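The values are calculated or read from the model by the stated rules, or taken from the named source; none is laboratory data. Quantities reported herein were computed from a predicted structural model and do not represent experimental measurements. Because the Cβ atoms are built from the backbone with ideal geometry, glycine has one as well, and the counts that use them run over all protein chains shown.
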Amino acid sequence: MKIILLYAILNLFFLSLFAQKTPSCLIKTSLGDIRVDLYPDLAPLTVANFLKYADQHLYDGTFFYRVCTPENEKERKVKIEVIQGGDVPEAKQFDPIRMETTKQTGLKHQNGTLSMARDTPDSATSSFFICIGNQPELDFAGKRNPDGQGFAAFGKVTKGMHVVKKIQLQENKDQYLVSPVKIHSIQRLYP
């Protein structure tokens, strides 16, 4: 019996040792840290794009610069609550990526969801946003974007939503922060 128990314990140890961990990143800002888990199995292109910017330190020194709040969204028909950041200078941006819609990935824009900002489908480069509260109008077939394709969700905040909310509460003019919140770095925590 002891040998079977020892075998089971060793088996679990080696399985956990070689199990693939969910990649995580730490977003260090001037208002505090935000930890996010990424979903490469569901949104591989989007996660790879985000990690490419992070690994090459291109997010370092960028900002959270835009916030959508109930107050500054009150005139819009389809309202959302997000903070947006990571606007890497155009000369340093990589080519836009193909959009992985929420219909393809099965992910939803819920509280804490990390997603790519875009204009048209397949135009996302570096800018990303974090949802505050559930935002179904950002999913595929949602009404926030007239093309109905939604946005590419690819991760979720696991620690630091209080920092996200603190950023959202900063003074803004027409959704743009009067004093953008600095992103000191975005560092990968797991492979």
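Worth pointing out:
- Residue count, the range 25-44 (criterion: buried (at least 16 other Cβ atoms within 10 Å of the Cβ) and more than 17 Å from His184 (Cα to Cα)): 6
- All strands (runs of 3 or more DSSP E) inside the range 1-98 with 2 or more residues being of a type in the set (D, E, K, R) and modelled with pLDDT of 95 or more: 32-38
- Among the residues here, Gln84 qualifies as within 14 Å of the chain's Cα centre (by Cα), of a type in the set (S, T, N, Q) and under 17 Å from Leu177 (Cα atoms).
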